[in-house]
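> Below you will find the structure I want to go over with you.
What follows draws every value from the coordinates through simple rules; no lab data is involved. None of these values were measured; they are calculated from a predicted model. Note: ideal-geometry Cβ built from the backbone for every residue, glycine included; neighbour counts use all protein chains shown.
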Ligand code: 1CP
């Protein structure tokens, strides 16, 4: 698998490429399946349909890896939280974690066993996926998941969870401990079910100042990385802490791939991070609206990464109204231009 080879710094015939959020709303084929089950969470829980939409971007766009169709929030959901995806509002937890009572109710030990629909999706998808394409499993970082669990949904200010960090840090650590423990077993079960690599999404890393990022987010990510790499050294682990370009020189660990977000110049990431890591990224996702803008960025990023270990990706998720034709153009262009 060329994607896995690139993760492990082996030479590849071209630069492998996939897109964060590649299975989803910009594909009419996805919308049709989603409608047929009556909503996003139902789709995650229907392993046959979840597998179908996992495979769609491979069939339609020719990406080099499929990413499991699910969501980071299934961990808090199966720890006992009441999750609903509300149209126009995104995810909502009706019982946010604010008190010791709330904390006590979180069932970190039971959650991994309840996620059988994810493991079934993985098994079926790995069965159907071409041998040369990788299947990526994933989870949210404990911090990114905790922001939703504490706030009760998406937030622009992180006011409640950040106030908690300064007023009652121990309480936040207790939540993070539980989420970390559940996530380790969850990822391990994904690997046992057949994923070829795993990615840890820390989409809200940049909500924290430097010291707090290392204390409340990175520390737990590294704990998960070590747990996986100690047991499955051949499974690549990708980390994606978004928006932390100011302290890249403090980033190290046992992971294989560092996901570079679009706001971090690729040259900077390449200079500041040890060359033992493969870099993944990082075209600005909004460029997908213009073929000229795509071409300019693909040329530029391939140039910077020439001779270095690289997986092409967007610097964050694809937006819902991107023309499918442009997404196809992007994937093909990367594969053709990078071929040696
Ligand atoms: O059909 C729909 O309208 C639901 C939209 C949707 C989709 C397609 C959500 C709701 N989640 C997903 C799938 C998803 N989420 C995947 C599967 C693979 C893929 O689509 O390619 C993955 C990897 C995620 C990860 C995820 N969910 C993250 C981390 C990555 C990122 O983009 O930052 C986060 C933060 C979430 C939470 C989430 N899920 C969905 C929404 C609307 C949100 C909230 C986002 C926010 O707070 O801004």
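> If each of residue 273 and residue 117 carries a label point 7 Å out from its Cα toward its Cβ, how far apart are those two points in nm?
3.3 nm
> Further question: Output the peptides 120-130, 193-203 sorted from most to least packed, where packing is the average of other Cβ atoms within 10 Å over each peptide's residues. List each step's numbers first, then the result.
Numbers: 120-130: 18.3, 193-203: 22.9.
Descending packing order for the listed peptides: 193-203, 120-130.
> Could I ask something else about it? Neighbouring Cβ atoms within 10 Å as the yardstick, rank 270, 290 fewest first.
Values: 270 18, 290 12.
Sorted ascending by nearby Cβ count, the order is 290, 270.
> For the pair residue 306/residue 21, report the inter-label distance in nm, with labels modelled 7 Å from Cα in the Cβ direction.
3.3 nm
> Next up: For residue 85 and residue 105, calculate 0.36 nm times their separation in residues minus their Cα-Cα distance, and state this gained length in nm to one decimal. Display every interim value, and only then the final one.
On the way: separation 20, 0.36 × 20 = 7.20 nm, distance 2.16 nm.
So the chain would gain 5.0 nm between residue 85 and residue 105.
> Rounded to the nearest 500, what is the chain's calculated 222 nm mean residue ellipticity when only DSSP H runs of at least 4 contribute -39500 (n - 2.57) each, over all residues? Don't skip to the end; give the middle numbers.
On the way: 16 runs with 161 residues, N = 340.
It comes out at -14000 deg cm²/dmol, rounded to the nearest 500.
> Need the C-alpha centroid separation for segment 294-318 versus segment 256-278, integer Å.
Answer, in whole Å: 11.
> For segment 1-69 and segment 184-241, what is the separation of their Cα centres, given in Å?
That distance is 20 Å.
> Taking the Cβ of each residue in 304, 251, 150 as the centre, tally the other Cβ atoms inside 10 Å and list the residues starting with the fewest.
Values: 304 16, 251 19, 150 23.
Ascending Cβ contact count within 10 Å gives the list 304, 251, 150.
> Multiplying the sequence separation of residue 94 and residue 35 by 0.36 nm and subtracting their Cα-Cα distance, what value in nm do you get? Walk me through the numbers before you get to the answer.
Values: separation 59, 0.36 × 59 = 21.24 nm, distance 2.40 nm.
In short, 18.8 nm is gained.
> With everything on Cα atoms, drop me the angle between helix 47-61 and the longest principal axis of the chain, reported from 0 to 90° to the nearest 10.
30 degrees
> Moving on. Students often check this: by mean Cβ neighbours within 10 Å, which of 331-338, 180-187 ranks highest, and how do the rest follow?
On the way: 331-338: 17.9, 180-187: 22.4.
Highest-to-lowest ranking by the protection proxy: 180-187, 331-338.
> Next up: Got a sec? How would 316, 310, 173 order by Cβ neighbour count within 10 Å, fewest to most? Mind showing how you got there, number by number?
Working: 316 23, 310 27, 173 18.
Going from least to most buried by this count: 173, 316, 310.
> Using the alpha-carbon atoms, what tilt in degrees (0 to 90, nearest 10) does helix 116-128 show relative to the longest principal axis of the chain?
So the helix axis and the longest Cα principal axis differ by about 10 degrees.
> Find how much the distance from residue 234 to residue 159 grows on full extension, using 0.36 nm per residue of separation minus their present alpha carbon separation; answer in nm with one decimal.
Details: separation 75, 0.36 × 75 = 27.00 nm, distance 3.98 nm.
23.0 nm is the gain from fully extending residue 234 to residue 159.
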